[in-house]
Protein chains: 2
Amino acid sequence: MKKIAVIGLGIIGGSICSALTNAGYEVDGFSRGEESLQYALQAGYIRQKATDLTQYDVVIIAVPPKATMHYLDNATFKDGALVTDICGVKSVLERLVYAKPRNYRYVGMHPMAGKETSGIRSASSDLFDGANVIITRAEKTQESDVIELKEYIQAMRFGRIIECTAEEHDKKIALTSQLAHIVSNAYVKSPEVRGCEGFTGGSFQDMTRIAGVDETVWTPLYACNRENVIKELSGLIAHLQEYCDALQSCDDEKLSQTLKEGRLIRETIKRENKKK
Amino acid sequence: MKKIAVIGLGIIGGSICSALTNAGYEVDGFSRGEESLQYALQAGYIRQKATDLTQYDVVIIAVPPKATMHYLDNATFKDGALVTDICGVKSVLERLVYAKPRNYRYVGMHPMAGKETSGIRSASSDLFDGANVIITRAEKTQESDVIELKEYIQAMRFGRIIECTAEEHDKKIALTSQLAHIVSNAYVKSPEVRGCEGFTGGSFQDMTRIAGVDETVWTPLYACNRENVIKELSGLIAHLQEYCDALQSCDDEKLSQTLKEGRLIRETIKRENKKK
């Protein structure tokens, strides 16, 4: 039986431990916070504290990007260990890993799951049930390493597995997740936001659900994917300005056309998704 | 028993008919489209076609803003009839109604319910179950008229009733609904939108759920609330530009502060809503 270490016992790390332990794997864990470690031990998420990473065949790094980069660059892993991570940005990590020869095998992973709360108390073995997960492939990625990672992914009961390059991941994530969090965070800044909770049938809730981003988590994520996020954000601002211009110039035909363009794209996406 | 006429048999008009008929009221309906009328008759939503509006104690106008304005200004109602409407904009209607003496009593209404589909085939008696509804009050509004309207609102099984002026309604709706539809419609215009459906844990779905707005419905709604929508949209663009500037100047402290401002507002809203 392969020995697995999970570094970082937050909601994601804790849930990975719990899910893999439930699936029958031998999982040890490490957290800088003694409380999270004790919680993981008492909840039965892990067998014991992971102290020496050279003892593990598989290491799953579940900490923020900068700390992940520190581990990938400086930690001593077992020769040939499979090392993965859960970061929401992938290109910076791959560039670091492939910058010099490593004694470990790296395949990046990004679980598309979470909650509005964080920490190991929010962790659960079913957090990933049916969720999407992305595996990033580089030129140097070995097929056998991807197959091995998929074994653990399936044990965690993810739904769909998407495979792509780190660059494609970062471009798509800039739109689907990073931009969405900025828009939601900006949306609540209207002076009309106070006392408006009765004035909505759901659109406002959708727009603002993820407004409460933890800036200490998200600022580094944005910094690690700066160019893609700038591109998406500038693009959205330019598009929004078109509606604003049409409204300001009382050009209702232009406004209608601008809305129609979005509707047609939306319908195309829906059709394409149905086919899959 | 008071006789009720519902003008317009789309999803909202049809659902009003069905809900009020179920509650024991005598409801007749009118639609320009013969098919909707036949559907409403066969489904038992209405007793018969409403041909002469002077026969009704209550008239509920459930058509788009321009047609609503046409009815409010030109139709012949029974003396003292209670007339209401379901439009998503309210100030333009009140200004029209109160521009000259009327032989009817007007109280505006805005049901915060709907579906992504439209037409009477999407109507159902439970569309309004627990939904918010707004009643607009003007200086001339009589308390007894509001009480009477609330009787029908309760029969339709709405949840919370919010009462405010038409001006306040239009300001809040510009943010909670009208801006949301523009943002969602603009969001899908990114070149990265194709093939991104696997790259999201839900944020992207939330942002784009209402992207497919019907421009023939929404353009007039925006036109009737132009100044408020411009104000919200300009405000959002200015806020989004702050994140963009911070990203472009690599000022992560500024970016963090900008995100924190939104998070704090979001937390304040959540706290306030919990108290209610």
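Using Cα springs under 10 Å in a Gaussian network model of chain B, which residue among B:V213, B:V59, B:V89 shows the largest mean-square fluctuation?
B:V213
When the accessible area of the protein assembly as shown is computed with all protein chains present and a 1.4 Å probe, what percentage of it is carbon and sulfur?
Carbon and sulfur together cover 48 percent of it.
Averaged across B:267-275, how many Cβ atoms of other chains sit within 10 Å of each residue's Cβ atom?
Taking all residues of B:267-275 together, the mean is 3.
Only Cα pairs under 8 Å and at least 6 apart count here; give the relative contact order of chain B as a rounded whole percent.
15
Can you list the distances in nanometres, one decimal and ascending, from the B:Q205 label point to the identical position in each other copy, with the point 7 Å along Cα to Cβ?
Shortest to longest, the spacings are 1.5 nm.
Under a 1.4 angstrom probe, counting protein chains only, how are B:H239, B:H169 ranked by accessible area, largest first?
Values: B:H239 45, B:H169 0 Å².
The residues order as B:H239, B:H169, largest area first.
With 22 Å as the cut-off, how large is the P(r) tail for region A:169-275, expressed as percent of Cα-Cα pairs?
48
Pick from A:L236, A:L149, A:L127: which is most flexible by mean-square fluctuation in a GNM of chain A where alpha carbon atoms under 10 Å apart are linked?
Checking each option, the largest mean-square fluctuation is seen for A:L236.
State, to one decimal in nm and shortest first, how far the label point of A:P101 sits from each corresponding label point in the other identical copies (label point: 7 angstrom along Cα-to-Cβ).
9.9
Note down, for chain A, the three equivalent ellipsoid semi-axes (square root of 5 times each alpha carbon gyration tensor eigenvalue), biggest first, whole angstrom.
Here the semi-axes work out to 39, 21, 17 Å.
Between their Cα atoms, which of A:K3/A:K140; B:K90/B:K270; B:K150/B:K274; A:K189/B:K171 are more than 21 Å away from each other?
Exceeds cut-off: A:K3/A:K140; B:K90/B:K270; B:K150/B:K274.
Using DSSP, restrict attention to beta bridges with both residues in chain B and report what percent are antiparallel, rounded to the nearest 5.
Antiparallel: roughly 15 percent of the beta bridges in chain B.
Compactness ratio of region A:1-105: Cα Rg over 2.2 N^0.38 Å, N = residue count?
That works out to 1.02 for region A:1-105.
Can you give me the pair-distance distribution of the protein assembly as shown, C-alpha pairs, 10 Å bins, whole percents?
Histogram of Cα-Cα distances, whole percents per bin: 3, 16, 23, 21, 15, 11, 7, 3, 0, 0.
When we measure straight from the Cα of A:K2, which aspartates and glutamates land under 13 angstrom away, once same-chain ones fewer than 8 places off are left out?
Reachable aspartates and glutamates: A:E26, A:D28, A:D57, A:E148, A:E151.
Among the GluC sites (Glu not before Pro) in region B:43-139, which ones are in a DSSP loop with at most 16 other Cβ atoms within 10 Å of the Cβ? Mind listing them?
B:E116, B:E139
As a test, work out the antiparallel percent of DSSP beta bridges whose residues both lie in the protein assembly as shown, rounded to the nearest 5.
Of all bridge pairs located within the protein assembly as shown, approximately 15 percent are antiparallel.
For A:R47, B:R121, A:R266, give me the order by solvent-accessible area with a 1.4 Å probe, most accessible first, ignoring ligands, DNA and RNA.
Descending accessible area places them as B:R121, A:R47, A:R266.
For a quick size check, give me the Cα extents of region A:156-204 along its three principal axes, largest first, whole Å.
44, 25, 16
Quick one: which residues, 5 or more positions from B:E26 or on another chain, have an amide H under 5 Å from its amide H? H modelled 1.01 Å from N in the peptide plane, none for Pro or chain starts.
The list, which skips near neighbours in sequence, is B:I4.
Can you list residues from other chains, or at least 5 along the same chain, whose modelled amide H is less than 5 Å from the amide H of A:I162?
Correct list: A:V133, A:I134, A:I135.
Please sort through the DSSP H helices of chain A and keep those with an alpha-carbon extent of at least 24 Å along the long axis and a Kyte-Doolittle average not below -1.0.
Membrane-span-like by this criterion, though nothing is claimed about a membrane: A:226-248.
Since chains A and B are linked by a rotation, which residue in A has the beta carbon closest to its axis, and how far is it in Å?
A:D206, 2
In peptide B:243-251, how many Cβ atoms from other protein chains are near each Cβ within 10 Å, on average? Don't jump to the answer; show the numbers that get you there.
Values: counts 11, 8, 1, 2, 10, 5, 0, 2, 0.
Taking all residues of B:243-251 together, the mean is 4.
How many angstrom lie between the C-alpha centres of region B:1-66 and region B:131-182?
Result: 21 Å between the Cα centres.
If contacts are Cα pairs under 8 angstrom and at least 6 residues apart, what is the relative contact order of region B:125-189 in percent? Provide the component values of the computation, followed by the final result.
Values: 49 pairs, mean separation 28.1, N = 65.
Relative contact order comes out at 43 percent.
The values are calculated or read from the model by the stated rules, or taken from the named source; none is laboratory data. Small disclaimer: the values here were computed from a predicted structure and weren't measured. Cβ: placed from backbone, ideal geometry, glycine included. Neighbour counts: every protein chain shown. The accessibility values were calculated without ligands, DNA or RNA, using every heavy atom of the protein model including side chains. Shrake-Rupley method; radii C 1.70, N 1.55, O 1.52, S 1.80 Å.
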